[in-house]
Amino acid sequence: MPRKVVQGPIRDKERTKRKLLNAVGKILKTEGYLGLKVSKISAVAGFDKKLIYTYFGSTDKLIDEYIRSQDYWRKIDEKQIDSNFSASGKTPAEIALLSQFEGLKTNKELQKIIIWQISEKRSVLRNLFEQREKVFQGLKSSAKELDFSQQSEEFKTTLAILLAGIHYLNLCTVHNSTTFCGINLKSKEGRMKIEKAILDIADFAHQR
């Protein structure tokens with residue numbers, strides 16, 4: 001008689017880990033980082049909370065693994081940026097800024113993670129900031145293929161302000177308002193105006 005295969009969360013380790021990670025994402029998306037409690041995660045995943053300790057060691061380690069898996073900056077496709085650069089004439093830095101502006105509008109999890117980054121000291125969150133720096137330093141800033149690291153301090157400072165503005169405008173309008181300085185950031189027309197301003201400012205800074 002063939003041996004019966006025992007099914008269940010202990011047997012299917014990867015399936016269980018995936019469900020626990022997905023539960024972190026669901027909670028982060030709907031409630032933010034303050035909702036990431038061990039009892040809540042286990043309830044959403046549908047498993048005993050002991051499995052969190054069995055497979056991840058602690059709730060913090062589970063959360064950290066989820067954050068690493070959702071690192072937006074690692075997902076920037078530099079080949080796609082190069083392709084868009086050739087087709088549009090925009091610099092890779094400009095393309096990356098526009099991508100961040102548009103992507104943050106719809107990525108609820110990234111919105112919560114950015115809020116978390118400025119609210120709590122955590123090594124994995126600090127690593128996200130460091131990864132962002134590496135991505136921008138690795139981008140080419142012009143058709144002359146000058147490295148970002150070689151650009152003037154004024155140019156890099158302008159990009160820093162643009163990126164901070166992109167984050168704030170998206171987060172502010174998502175949670176509390178549809179308009180900022182009279183511009184409706186939930187309308188196509190309003191967002192196109194901001195995109196034009198991003199390009200104008202970046203282009204001005206690059207030419208200095």
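May I ask you to list the residues in the stretch 148-162 that are modelled with pLDDT of 90 or more and surrounded by 17 or more Cβ atoms within 10 Å (Cβ to Cβ)?
The one that is modelled with pLDDT of 90 or more and surrounded by 17 or more Cβ atoms within 10 Å (Cβ to Cβ): Leu162.
Residues being at pLDDT 95 or above and crowded, with 18+ Cβ neighbours inside 10 Å: count how many of those fall in the stretch 31-41.
Summing the residues that are at pLDDT 95 or above and crowded, with 18+ Cβ neighbours inside 10 Å in the stretch 31-41 gives 1.
In contact (Cβ under 8 Å) with a residue 24 or more places away in the chain and either under 14 Å from Glu65 (Cα atoms) or in the same structural domain as Thr106 (by TED's automatic domain parsing) (or both) - does that describe any residue in the stretch 43-53?
yes
Output the qualifying pairs, or none if there are none: Cβ atoms under 8 angstrom, residues six or more apart or on different chains, first residue in the stretch 181-198 and under 16 Å from Tyr168 (Cβ atoms), second residue modelled with pLDDT under 95 and of a type in the set (Phe, Trp, Tyr).
That search, which allows pairs on different chains as well, returns Arg191/Phe101; Ile194/Phe101; Glu195/Phe101; Ile198/Phe101.
Restricting attention to the stretch 170-208, which residues are over 20 Å from Ile114 (Cα atoms), loosely packed, with under 12 Cβ neighbours inside 10 Å and among the polar types (S, T, N, Q)?
Hit for the stretch 170-208 is Gln207, nothing else.
Does the stretch 174-186 include one or more residues that are over 18 Å from the mean Cα position of the chain (by Cα), aliphatic (A, V, I, L, M) and at pLDDT 80 or above?
Scanning the stretch 174-186 turns up at least one residue that is over 18 Å from the mean Cα position of the chain (by Cα), aliphatic (A, V, I, L, M) and at pLDDT 80 or above.
Looking at this structure, is Lys61 over 23 Å from Asn127 (Cα atoms), at pLDDT 90 or above and not assigned by TED's automatic domain parsing to the domain that holds Phe101?
For Lys61, the condition - over 23 Å from Asn127 (Cα atoms), at pLDDT 90 or above and not assigned by TED's automatic domain parsing to the domain that holds Phe101 - is not met.
Checking the condition at pLDDT 90 or above, more than 14 Å from the chain's Cα centre (by Cα) and part of a helix (DSSP H, G or I), which residue from Leu28, Leu51 passes?
So the residue among Leu28, Leu51 that is at pLDDT 90 or above, more than 14 Å from the chain's Cα centre (by Cα) and part of a helix (DSSP H, G or I) is Leu51.
The values are calculated or read from the model by the stated rules, or taken from the named source; none is laboratory data. Quick caveat: nothing in here was measured; it's all calculated off a predicted structure. Ideal geometry is used to build each Cβ from the backbone, glycine not excepted, and the neighbour counts take in all protein chains shown.
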